[in-house]
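Contents: one structure, followed by commentary.
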Amino acid sequence: MKEEFSALGSRIQIEAVGANESEKMLQATESIYELEKVLSRFDPDSELSRLNENPDSNISVGSIMKAYIEAVIYSGELSRGMVDSTLLHEIEEVGYKDSIEDAVEQRMSLEEFESLINDKEIKPEKASPESKLIEVAITGQTLYRPVGIKFDSGGLGKGLAADLAAAKLSDLEYFLVDCGGDIRIGGKANVNREVFVTYPNIDKVLTRLNVSSGAVATSGISQRSWVDDSCNVHHDLLDQSTGESVFSGIVQVTALAPTAGEAETRAKSALLSGSKEDEWLPYGGVIVYDKSLEKTHYV
């Protein structure tokens, strides 16, 4: 059984095979729609938007928001502060105030993007334990965050959506959940599946990954990118210490991991750090460097 639909500003695909697959598919689909209602920063009535506007430090949250905050804390700790989901103000400051998915037809080609970043000085983000994320905590259904801290669900929200949907399908023979490129594959039958990794902004296959259980996530700087009135290029992966878009010498990273949330975090960490080593990709992955697509590293 297979279903495709739009949510989270992306195309969602779910496949399921096994007993009660229709019921399980419905539960998985509903979990994604519910997460979208909770975590959309473009919906002023979402729980995330209301939380961000709440001046209190201690706030009661629902179960999905609790899972998201736990993912935010885990992601910050795993990346040693580089993947910071509390940069909403900084993201809006560099120009990402409205959904870029509303202007897909205006997206730059890779050639246009590379010409704009050709002269950018390479400045990777440095991992640091001094992140604001360390000050965020959740106990039971109560969130504590310093006054002024606001959250942006971003790619971590898609990873969480894939993981929550996968939990609804875990006892089936086979399942696949693809939330805009954050993918979970699993099931009791241990079916092997080819996952295509494409070039940045090009509908051309770069490589194929074989996955029977676990997750794949890709993070890049070319898709959610834009040019301001001064012809400066920006994207939505920021250095938490400066609030500016990071140009690390890497344009795209694909990471394998047990969960989509972890894969998303590892891909972003490798990209932000500009790491030429494999420290962020212990389960494997693909790194695409800028300047030349010939510079591709397979882990």
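The values are calculated or read from the model by the stated rules, or taken from the named source; none is laboratory data. It should be emphasised that the depicted structure is a prediction, and the values quoted were computed from it without experimental measurement. So basically every Cβ, Gly included, is an ideal-geometry build from the backbone, and we count neighbours across all protein chains shown. SASA here: full protein model, heavy atoms, side chains in, ligands and nucleic acids out. Shrake-Rupley method; radii C 1.70, N 1.55, O 1.52, S 1.80 Å.
Apply 1/(1 + (r/R0)^6) to the Cβ-Cβ distance of residue 279 and residue 43, taking R0 = 41 Å, and write down the FRET efficiency to the nearest 0.05. Intermediate values should be presented prior to the final figure.
On the way: r = 37 Å, r/R0 = 0.91.
Once the sixth-power term is evaluated, E becomes 0.65.
Of the heavy-atom accessible surface of segment 142-223 (probe 1.4 angstrom), what whole percent is carbon and sulfur? Spell out each step's value before the answer.
Details: 1420 of 3220 Å².
The computed percentage sits at 44.
Label residue 173 and residue 54 with points 7 Å out from Cα along Cα→Cβ: what is the distance between them in nm?
Computed distance between label sites residue 173 and residue 54 equals 4.5 nm.
What order do you get for 76-84, 10-18 when each peptide is scored by the mean count of other beta carbon atoms within 10 Å, highest first? Walk me through the intermediate numbers first.
On the way: 76-84: 21.9, 10-18: 18.8.
Put in order of decreasing packing, that is 76-84, 10-18.
May I ask which of 37/188; 24/268; 66/168; 24/204; 66/158 have a Cα-Cα span longer than 24 Å here? Please list the in-between numbers first.
Details: 37/188 31 Å; 24/268 31 Å; 66/168 18 Å; 24/204 33 Å; 66/158 15 Å.
37/188; 24/268; 24/204, as the Cα separations exceed 24 Å there.
Per-residue counts of other Cβ atoms within 10 Å, averaged by peptide: what ranking do you get for 30-41, 148-159, 55-66, highest first? Please report the intermediate quantities before stating the final value.
Numbers: 30-41: 19.5, 148-159: 23.9, 55-66: 14.4.
Peptide ranking by packing, descending: 148-159, 30-41, 55-66.
Rg(Cα) of segment 1-75 divided by 2.2 N^0.38 Å? Spell out each step's value before the answer.
Values: Rg = 15.0 Å, N = 75, 2.2 N^0.38 = 11.3 Å.
Compactness ratio reported: 1.32.
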